[in-house]
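The values are calculated or read from the model by the stated rules, or taken from the named source; none is laboratory data. Here the structure is a predicted model, which is why all the values come from computation and not from measurement. Cβ atoms come from the backbone with ideal geometry, glycine included; neighbour counts cover every protein chain shown. With ligands, DNA and RNA removed, areas are computed over all heavy atoms of the protein, side chains included. Shrake-Rupley method; radii C 1.70, N 1.55, O 1.52, S 1.80 Å.
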Amino acid sequence: MERLDKIISNQMGYSRKEVKDLVKSKRVLINDVVASKSDIKVDVSKDIIKVDGKEISVKEFVYLMLNKPKGYVSATEDKVMPTVLELIPIEYSHRDLFPAGRLDRDTTGLMLITDDGEFAHNILSPKKHVKKTYEVVIDIPMTEEMVIGFKNGVNLIDGECKSSELIITGEYSGTVILTEGRYHQIKRMFGCFGAKVLELNRVGMGNFYLPADLEIGECREFTDEDLKKIKGD
Ligand code: URA
């Protein structure tokens, strides 16, 4: 059982005082009966809370997919550049959301924004082997040597990369599948072969792929099924 005012303020961003006023003005219903006090206890597993006629769904955590545009940094704050959090709708502003993992400022594609630290840790930890799939365009023709090098583990200044997959899809384009996420990893891996990455777009996390109808800059909630796919279930 949880206090009504706590639930409403957590889910909707109202202060406790504002919830008190909402209750006083009879705008809050519990199971279609006007709530009498703002501090009464409610069972979120069965009681239905409505504010202004709209049911509020009580979620412990939020999981959002974002199709990241270029020009945004994967951080919660930045002094100069806009952050990916600025693309999240205002209705989530009261939650402590953060991007799970980083994409470079000029990288586009699938990002998970959540307030579930444990889930984020699990999908990012190299030990969990959650694959990340990227589409890449480079400035010189793709070669078999790159494919073999990626498979064997490219040697970077901070150590050898785990084995990864490069599938050549065009003269200058390919798909890269990684299970770790080091700083500028793909750019540095291609750099070892004298190539510069021109375009980098993350299209998949685990077995979940960026939906074709999720426009650049748009965000939406993952379903439970999607989340299972990320973890590879
Ligand atoms: N590798 C990179 O070099 N940049 C990214 O944003 C992601 C993977």
Of 4-12, 71-79, 40-48, ordering from highest average Cβ density within 10 Å down gives 4-12, 71-79, 40-48
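Quick one: net charge around residue 71, please, counting Lys, Arg +1 and Asp, Glu -1 for every other residue with C-beta under 10 Å from its C-beta.
On the way: positive: 68, 70, 105; negative: 106.
The answer is +2.
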Among 58, 73, 85, the residue whose Cα sits farthest towards the positive end of the charge dipole of segment 30-98 (+1 at Cβ of Lys and Arg, -1 at Cβ of Asp and Glu, taken about the Cα centre) is 73
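Could you pull out the pairs from 196/231; 127/151; 187/231; 59/228 whose alpha carbons sit more than 23 Å apart here?
Details: 196/231 31 Å; 127/151 18 Å; 187/231 25 Å; 59/228 17 Å.
Checking Cα-Cα distances, 196/231; 187/231 exceed 23 Å.
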Links exceeding 22 Å between C-alpha atoms in this model, out of 46/229; 70/128; 24/54, come to 46/229; 70/128
Toy charge model, Lys and Arg Cβ at +1, Asp and Glu Cβ at -1: segment 1-108 dipole around Cα centroid in debye, rounded to 20, equals 260 debye
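Got a number for carbon plus sulfur as a percent of segment 131-205's accessible area, 1.4 Å probe?
Details: 2010 of 3680 Å².
Here it works out to 55 percent.
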Excluding residues fewer than 8 positions from residue 68 in its own chain, the aspartates and glutamates with Cα under 15 Å of it are 86, 104, 106, 135, 199, 213, 215, 218, 221
Inter-part gap, Cα centre of segment 196-233 to Cα centre of segment 33-99, in whole angstrom, is 20 Å
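How big is the charge dipole of segment 131-205 about its Cα centre, in debye rounded to the nearest 20, if each Lys and Arg gets +1 on its Cβ and each Asp and Glu gets -1 on its Cβ?
Roughly 300 debye, rounded to the nearest 20.
With every protein chain kept in place and ligands, DNA and RNA left out, what is the accessible area per residue of segment 131-205? Probe 1.4 Å, answer in Å². Walk me through the intermediate numbers first.
Numbers: 3680 Å² over 75 residues.
Heavy-atom accessible area per residue stands at 49 Å².
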Taking protein heavy atoms only, a 1.4 Å probe, and rounding to whole percent, the accessible area of segment 1-79 owed to carbon and sulfur comes out at 48 percent
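Show that you can apply the helix-only estimate: for the chain, add -39,500 (n - 2.57) for every DSSP H stretch of four or more residues, divide by all residues, and state [θ] at 222 nm to the nearest 500.
Details: 6 runs with 50 residues, N = 233.
Computed ellipticity for the chain at 222 nm equals -6000 deg cm²/dmol.
Where does the chain land on the Kirkwood hydrodynamic radius, alpha-carbon pairs, in angstrom?
Working: mean 1/r = 0.0499 Å⁻¹.
Taking every pair of different Cα atoms in the chain, averaging 1/r and inverting gives 20.0 Å.
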